[in-house]
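Every read-out reported here was derived from the displayed coordinates using simple, explicitly stated rules and does not represent laboratory data. Remember, it's a predicted structure, so these values are computed and weren't measured experimentally. Cβ coordinates were reconstructed from backbone atoms using ideal geometry, including for glycine residues, and neighbour counts include every protein chain displayed.
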Amino acid sequence: MKSSTQFKQDHSSASSPYFSDDVRDFSQVEKSIPCQEACPAKTNVPGYIRDIYEEKYGRAYEINRACNILPGVLGRICSRPCEEACRHGNDNNGDSVAICYLKRSCADLKSPMHRIIEGLYTPTGKKVAVIGSGPAGLAVAHELAVMGHKVTIYESEEKPGGMLMYGIPEFRLPRNLLLSEIENILRLGIDLHTSTMIGKDINLEDLHDIYDAIVAAIGCMKPRTLEVAGEGLENVYNGLDFMKMVNAGQTPYVGEKTVVIGAGFTAVDCARSAVRLGASQVDIHMRKTVELMRIDAHEKVEAQYEHIGLHGLMQPNRIIGENGRVTGIEFLRTRLEQTDRSPYRVSVPIENSEFVIPADTIIAALGQTPDKEVIFNRAQQSLTMEGYFSAGDFVSGSSDVIHAIADGKRCAQEVDHYLTGIVRKKKMVRIEPCSTTDRDRSFDFISRTAMDTIGLSERKAQLTAEVESGFNTEQAYEESKRCYLCNLRYEIDPQRCIYCSACIDVMPKDCIKMVKGIVFEDSGAYQSYETSQYWNQATAISIDNSKCIRCGKCLEVCPMDCISVHKTELVEVDLASESFE
């Protein structure tokens, strides 16, 4: 079989797609497509947005699913690192593209006749047990099933999904959608055993005797505590238990005044749930500032719209109660101090700054940690067992869904290599020549499409009513226009260029430069260009694809037709294929 490098060289002048493992191509994709680079699962963002523009919603859904397995779920609750990196949100470029909403659109708008297609490998005869059915466990199970292994999932709760099912409120994530996307994974022949606790209903040693490999993906299910006096009073909840009760259809007591302590998504979910349960005053308190909350701006807006107060620079000192029930909480004021180590800003309590806030209910939403005692006892030392692997938050600590899925896919690759002794997939850059781009310059001035939501009265009237309505076809089309299509690489052939500067004259952004030299990284990738303002020093005119907005103006004016456009995509190829097609 030809090597990938040979394959590229054989097709470098062809008009058909080819694949590259050249470090320079990997570097170009990394620098030019910041949304994909920021995504832990490396989702092909420009690719699926382009398909939405062409109203190919099913194809857009499959591009997503190839990387993140739960497009409809993530289109609602992803932490959106891609949007923070989007170049449309840079200075003087406007607001970032609504990438997450568009991900949801391809799930919502695809045809009911859509067929999910996966490239399945031949069955291997190997059996794998996955402990936990949260996002990491589901990702592991899906990838291993695709690779031909027989997978069984063991879940301690009654329903699959982990924190997706029990930690996130239904008004953000409809359960019928969640169960549908989980079923799309289980349909590959994956067995699911719910209400099965490892160490209680079945021992880890028994699993080791039955299966060729075991993956622990039980997430972070051990809540952090306040560690202050009064924490055992009635109506003091930890965030996870509170949300589990809400998601089970129960109505935990919230009273008139609910105090939530925390600064992450769980804190906001608890506060918004308390509003729906009837609390007239709900406030979130945190040690650091509101600006440093571990949520995106969208979540802050939704909390404030629901009249939830956000208060920073205070920490709990003790919980006050009467007759065993909460009546209030005493806080200390804090100040921020800088350190030279992560997290670089720490909150420090201020002496003699105590003050009391009345409260009927207190929810400590401080996050969770891995509970290894769920599986292991101290004498077992099971982490050294042959064929044992772990994935997701159980390894890294509490993160978010997209990171958990990405780590699950990584773990599955390790398990597959362990079971088969071979590497069956490889990351490469797929390069496809394009004649031009039809992206109009006017698209740059389209405002970000707002998400329609239901009103406050509707939210309070029905606890589970989904707040966000999703984009319709027209909204999805308009928002998809805004994408810069950063996966299109513009290049100038220096052997054909006559240095007329026509391209420089028409560029709307400062992205075309006269270059006198190139600085290389140690890996051999391009690091930067040495530019010059003087023609007698220039050895080439080059396009900086990390700044280019793909308007195509340079193509229109070039008299020598020396500018080419290629679509570059980071893909996984099957190493058993000779053509990588």
Cross-link reach from Lys150 to lysines, straight Cα distance under 20 Å and at least 8 residues apart if same chain, gives Lys126, Lys127, Lys409, Lys425
Given the candidates Ala406, Ala274, Gln315, the one whose Cα lies deepest towards the positive end of the charge dipole of the chain, counting +1 at each Lys or Arg C-beta and -1 at each Asp or Glu C-beta, is Ala406
In the range 222-368, what percentage of the DSSP-assigned beta bridges are antiparallel, given to the nearest 5? 50 percent
Tally Lys/Arg at +1 and Asp/Glu at -1 over every other residue whose Cβ is under 12 Å from the Cβ of Arg318; what's the total? -4
Cα convex hull of the range 364-519: mean projected area in nm², to one decimal? 19.7 nm²
With charges only on Cβ, +1 for K and R and -1 for D and E, what is the dipole size of the chain about its Cα centre, in debye, rounded to 20? 460 debye
I want the antiparallel fraction of DSSP beta bridges within the chain, as a percent rounded to 5. 60 percent
Under 17 Å Cα-Cα from Lys460, which lysines qualify once same-chain neighbours fewer than 8 residues away are excluded? Lys257
Please compute the net charge surrounding Lys427, taking Lys and Arg as +1 and Asp and Glu as -1 over other residues with Cβ under 9 Å from its Cβ. +1
Residue order, fewest to most beta carbons within 10 Å, for Glu181, Glu158, Glu256: Glu158, Glu256, Glu181
Determine the principal axes of the Cα atoms in the range 222-368, then give the extent along each, sorted from largest to smallest and rounded to whole angstroms. 45, 37, 29
Cross-link partners of Lys553 among aspartates and glutamates (Cα-Cα below 12 Å; sequence separation of 8 or more within a chain): Asp438, Asp440, Asp505
Stretched fully, the stretch from Thr251 through Tyr477 gains (0.36 nm per residue minus C-alpha distance, one decimal, in nm) 77.3 nm
Taking the Cα centre of the range 454-581 as the origin and placing charges on Cβ (Lys, Arg +1; Asp, Glu -1), which of Cys500, Ser523, Ala476 is farthest toward the positive end of the dipole? Cys500
Could you give each residue of the range 311-325 its phi-based ³J(HN,Hα) in whole Hz, using Karplus coefficients 6.51, -1.76, 1.60 with θ = phi - 60°, and x for Gly or Pro? 10, x, 6, 8, 9, x, 10, 6, 9, 9, x, 9, 6, x, 10
For the range 1-159, treating each Cα as an identical point scatterer without solvent, what Debye log10 I(q)/I(0) comes out at q = 0.11, 0.16, 0.18 1/Å? -0.60, -1.13, -1.24
Are there any helices in the chain, counted as whole DSSP H runs, that stretch 27 Å or more along their axis by Cα and score at least -0.5 on average by Kyte-Doolittle, and if so which? 401-420
Virtual spin-label span in nm between Asp209 and Ser435, 7 Å along Cα→Cβ: 6.8 nm
Averaged across orientations, what area in nm² does the convex hull of the alpha carbons in the chain project? 30.5 nm²
Net dipole in debye of the range 222-368 [+1 Lys, Arg Cβ; -1 Asp, Glu Cβ; about Cα centre; nearest 20]: 300 debye
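At a Förster distance of 60 Å, what's the computed FRET efficiency of Glu84 paired with Thr196, Cβ-Cβ distance as r, to 0.05? Present the calculation step by step, with values, prior to reporting the outcome.
Numbers: r = 39 Å, r/R0 = 0.65.
Once the sixth-power term is evaluated, E becomes 0.95.
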